[in-house]
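Accompanying notes for the structure given below.
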Amino acid sequence: MKYSYDLHIHSCLSPCGSDDSLPSNIVGMAALKGLDIIAVTDHNSCGNSRAVDKLGNEYGVLTVPGMELTTAEEVHVVCLFHNIESAEEFSEYVHSKLLPIENNEAAFGKQQFADEDDNIIKTEPLLLINATEIPFDGVYDIVKTYSGIMIPAHIDKSSTSVLSNMGFIPPDSKFSTAEIKHIGYKERLIGENPYLNDCNIITNSDAHYLEDINEPINFLELREKSIDCLLDTFNKKYIKGR
Amino acid sequence: MTLTELISKLDERFTIINLSDDADQRQLSKVFCCDLLSFAMARNPADSVWVTVMGNVNTIGVMSLTDGAAVIIAENAAIDEIAAKKAVEQNIAVIKTALPVFETALTIHELIK
């Protein structure tokens, strides 16, 4: 079966995310648009994942717990997890690896934890957009210990991507799925980076505002609509014609 | 040297994207070069002219946080729309040039030393 997806959406916990991007609004918008599977991936935190999960069950949208991790090299990596517990444990680990620089709301924006009823529970004091001490080449194994998978984010972007910040895809990389911002660049990127030949290529909105969440225009072929099936698919090398 | 004085000495290789209100009074300290925002956040000296190729909204955030005098986006790197808008909102001086980072920094250093 084919399922529509948008697996890179920011909530009000990301400093650059809109204050209107409350979990309820994101999941509600996804349901309204008819998206089958979404992931809320805030910068360096899974703090709003639990609320998103509860709302997903309510609205009938499959929500995958996730985060957009910033590596030491300031490469953005979408990390997806099988369940909330693993995501929250990983989030705690990442928090311990964040640089000890406090957020300045006027400069970067608010970082708000919200529950499923739109209550702002607290704010995150440390700046979440910042780099962590986790190097790119360590992400795969670390995320794996939390039963998660890594997806280098918007690899065609001119900043905060593996290609912009490291110059190329490290040949000893282990990831099997990569995210491209402009899907039209797919063939060119694969041509320039043979590593991508064996990768599943996905594209997401990276929405920081509700109106930027994707319409159901991108689809994944899955045996069933479940997180396990989705992550298993992303974790396997792409085989042409599969 | 104030930011206004520096700008008056810049030739056509430099384009002013946004000017801060306090440019007349802002005494420049030194030139700083860095492209990793997390490094710049901790190390950009106050009143500096920061040369970088990072032209996104977080560059403006770092400027605001570190109280730099101006940021120069070198190498003709793109300044995205949100960053340009935020620079106006936050009163941050932004300059653009096609020169490489080293030549940019050297030019500014020679002018303000």
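The values are calculated or read from the model by the stated rules, or taken from the named source; none is laboratory data. Quick caveat: nothing in here was measured; it's all calculated off a predicted structure. Every residue, glycine among them, receives a Cβ derived from its backbone with ideal geometry; neighbour counts consider all protein chains shown.
Could you identify the single residue in A:Ser4, A:Ser45, A:Ser18 that is within 12 Å of A:Asp212 (Cβ to Cβ) and in contact (Cβ under 8 Å) with a residue 12 or more places away in the chain?
Values: A:Ser4 fails: within 12 Å of A:Asp212 (Cβ to Cβ); A:Ser45 fails: within 12 Å of A:Asp212 (Cβ to Cβ).
Of A:Ser4, A:Ser45, A:Ser18, the one residue that is within 12 Å of A:Asp212 (Cβ to Cβ) and in contact (Cβ under 8 Å) with a residue 12 or more places away in the chain is A:Ser18.
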task: Report, by residue number, each residue of segment B:1-15 that is aliphatic (A, V, I, L, M) and part of a loop (DSSP other than H, G, I, E, B).
output: B:Met1, B:Leu10
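Considering A:Leu99, A:Leu126, A:Leu69, which residue is within 28 Å of A:Ile169 (Cα to Cα), free of Cβ contacts under 8 Å to residues at least 40 places away in the same chain, touching a helix residue (DSSP H, G or I) at 6+ places or on another chain (Cβ under 8 Å) and within 14 Å of another protein chain (Cβ to nearest Cβ)?
It is A:Leu99.
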Those residues of segment A:175-210 which are out of contact with any Ser or Thr (no Cβ under 9 Å at 6 or more places or on another chain) and over 25 Å from A:Val40 (Cβ atoms), in sequence order: A:Gly184, A:Tyr185, A:Glu187, A:Arg188, A:Leu189, A:Ile190, A:Gly191, A:Glu192, A:Asn193, A:Pro194, A:Leu196, A:Asn197
query: In segment A:184-230, which residues are free of Cβ contacts under 8 Å to residues at least 24 places away in the same chain and either under 30 Å from A:Asp19 (Cβ atoms) or among the hydroxyl-bearing types (Ser, Thr, Tyr) (or both)?
result: A:Glu211, A:Asp212
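Could you list, in sequence order, all residues of segment B:63-74 that are within 11 Å of another protein chain (Cβ to nearest Cβ) and either in a loop (DSSP other than H, G, I, E, B) or charged (D, E, K, R) (or both)?
Let us first name the residues in segment B:63-74 that are within 11 Å of another protein chain (Cβ to nearest Cβ), namely B:63-67.
The one that is within 11 Å of another protein chain (Cβ to nearest Cβ) and either in a loop (DSSP other than H, G, I, E, B) or charged (D, E, K, R) (or both): B:Asp67.
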- request: Can you tell me which residue within segment B:32-61, out of those that are touching a Leu at 6+ places or on another chain (Cβ under 8 Å) and more than 8 Å from chain A (Cβ to nearest Cβ), is surrounded by the fewest Cβ atoms within 10 Å (Cβ to Cβ)?
  value: B:Asp47
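Yes or no, residue by residue, for (1) at pLDDT 95 or above; (2) over 15 Å from the mean Cα position of the chain (by Cα); (3) closer than 24 Å to B:Gly61 by Cβ:
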{"site": "A:Thr132", "(1), (2), (3)": "yes, yes, yes"}
{"site": "A:Ala178", "(1), (2), (3)": "yes, no, no"}
{"site": "A:Asn193", "(1), (2), (3)": "yes, yes, no"}
{"site": "A:Ser226", "(1), (2), (3)": "yes, yes, no"}
- prompt: On the given criteria, is A:Ile84 over 23 Å from B:Gln90 (Cβ atoms) and either over 15 Å from the mean Cα position of the chain (by Cα) or touching a residue at least 24 places away in the same chain (Cβ under 8 Å) (or both)?
  reply: yes
statement: Restricting attention to segment B:85-100, the residues that are outside any loop (DSSP other than H, G, I, E, B), touching a residue at least 12 places away in the same chain (Cβ under 8 Å), surrounded by fewer than 19 Cβ atoms within 10 Å (Cβ to Cβ) and away from chain A (no Cβ under 11 Å) number exactly 1
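Determine, yes or no, whether B:Gly68 is surrounded by 23 or more Cβ atoms within 10 Å (Cβ to Cβ) and modelled with pLDDT under 95. Let's see the steps before the verdict.
On the way: surrounded by 23 or more Cβ atoms within 10 Å (Cβ to Cβ): yes; modelled with pLDDT under 95: no.
No: the conditions fail for B:Gly68.
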message: Looking at segment A:165-175, can you tell me whether even one residue there is of a type outside the set (Asp, Glu), under 15 Å from the mean Cα position of the chain (by Cα) and modelled with pLDDT of 95 or more?
response: yes
Selection within segment A:101-145 - more than 22 Å from B:Ala83 (Cβ to Cβ) and crowded, with 21+ Cβ neighbours inside 10 Å: A:Gln112, A:Ala114, A:Glu124, A:Thr132, A:Ile134, A:Phe136, A:Val139, A:Val143
statement: In segment B:16-60, residues that are of a type in the set (S, T, N, Q) and part of a strand (DSSP E or B) total 3
